[in-house]
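Have a look at the structure below, then the notes.
The values are calculated or read from the model by the stated rules, or taken from the named source; none is laboratory data. It should be emphasised that the depicted structure is a prediction, and the values quoted were computed from it without experimental measurement. Cβ coordinates were reconstructed from backbone atoms using ideal geometry, including for glycine residues, and neighbour counts include every protein chain displayed. We work out accessible area using only protein heavy atoms, side chains counted, and drop any ligands, DNA or RNA first. Shrake-Rupley method; radii C 1.70, N 1.55, O 1.52, S 1.80 Å.
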Amino acid sequence: MKKLLLSVIMLSFLVATIGVIVVEGASRPRILILHSYETDYAWTRTVNQGIDRAKRAHMNVDIRYHYMNTKNQSSEAAKKRAATVAKRVVDNYQPNVLLVIDDDAQRLVATDYIGNEAIQIVFAGVNAELEAYGYQDANNVTGILERKSVSAIKEVLRLLVESQPRLGSLKGSVVYLSDSSTSAKLDAGYLAKQEWAPLEYQGHLGVKTFEQWKQAVLSLNGKYQFLLVGGYRKLFSDGSESFVSAEEVAQWTEANSTLPIVGINAFNSEDGVMLSIGASPFEQGEIAFERAIRLVEDPASLSQMSVAISKQYVVALRHQALEARDIKVPKVLEAFARATNNYFE
């Protein structure tokens, strides 16, 4: 009888203890990190690394990730289906803070939660203006914009030209070639408004298929000092709805363009481009997550968080492509690329 009574007491204690654990777990603040893309995209992986940098040990916060994978979707209908799933995740999870990365997730999901008193929104990786999503007057939104640094591009190219006399002076013209994706068009609009002197920015050429891309590359040969490339992950194979791999596009371009190629995203060199200068994804993830944690601790602090603009940039190099063009980069650029794991053989 004593053994039975003891067992009942122990069981009651365990049930009570488990119940407390469940309640405490359920009451922990929640952050949902909503990515537009998947982790097969280097940008997404590196933004996550920035988030990891900002995480504090033993934070009493429940953190979950959801990836919409819209970079691999060829139609708006498919993106909307991904958005429906993402909204279901948000509604079921009921996060205190919704950390939303890149433009597709803003446009398709986060805008539905503007003004929601239960959810605060922190954005990152946004190429569009705030007005595109109605964020400019929202009382529950803050974040960091992603902007291409033209001053950084000019600074790096100046170092490259000065160490490589055969490239001439930094006074030639440049043109930007991309696919027809939303993010590429937003980048083009921003680049067109920047101060490029002593370079001359000659505008943007957006194409839809890999065959059009090839024709454009060949037609541009000899007409400019540098060829800028950015988004090319949404180039269709001819006669199909599938996309050509980024590596194939970058490597074909390096092999067939007589112009030195400069990527405006750091991951372009991971694909095969000789040199890339892009906004730091580490900074985007780190700043956004720091704000998310601060909002979890003090929701009222959002009023003190003005929208940030990217300040840091990353230089990436592809050794084989540079060697094929007989271009030697300054040691400081190589050291920078190696230090950030953006030096590719």
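Summary of values
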| read-out | value |
| --- | --- |
| Separation between Cα centres of the range 65-134 and the range 204-244, rounded to whole Å | 29 Å |
| Computed over the range 65-219: relative contact order in percent, which uses C-alpha pairs under 8 Å that are six or more apart | 16 percent |
| Length added when fully stretched, SER306-GLU200, from 0.36 nm per residue minus Cα-Cα | 34.8 nm |
| Within the chain: Cβ-based charge dipole about Cα centre, in debye rounded to nearest 20 (Lys, Arg +1; Asp, Glu -1) | 520 debye |
| Global geometry of the range 198-255, whether rounded, prolate or oblate, following the gyration tensor of its Cα atoms and the 1.5 cut on a/c | prolate |
| Mean accessible surface per residue for the range 178-315, computed with a 1.4 Å probe while every protein chain stays in place, in Å² | 41 Å² |
| In Å², nearest 10: area of LYS55 left accessible to a 1.4 Å probe | 70 Å² |
| In degrees, nearest ten, helix 76-93 long axis to first principal axis of the chain (Cα) | 30 degrees |
| Positive-end residue, the chain charge dipole about Cα centroid, Cβ charges, pick of GLN94, PHE236, ILE264 | GLN94 |
| Within the accessible area of the chain (1.4 Å probe), percent carbon and sulfur | 52 percent |
| Förster radius 51 Å - calculated FRET efficiency between GLN136 and GLU345, Cβ distance, rounded to 0.05 | 0.70 |
| Calculated from backbone phi, Karplus (6.51, -1.76, 1.60) coupling profile of the range 272-289 in Hz, x at Gly/Pro | x, 6, 4, 8, 9, 10, x, 4, 6, x, 4, 4, 4, x, 5, 4, 4, 5 |
| Debye, to nearest 20: dipole size of the range 67-194, +1 on Lys, Arg Cβ, -1 on Asp, Glu Cβ | 520 debye |
| Reachable lysines, given that their alpha-carbon falls under 24 Å from the alpha-carbon of LYS171 and they are not under 8 places away in the same chain | LYS148, LYS154, LYS193, LYS223, LYS328, LYS331 |
| For the chain: relative contact order, % (alpha-carbon pairs under 8 angstrom, 6 or more apart) | 17 percent |
| Proximal lysines to LYS79, defined as alpha-carbon separation beneath 19 angstrom and excluding residues fewer than eight positions away on the same chain | LYS71, LYS87, LYS185, LYS208, LYS234 |
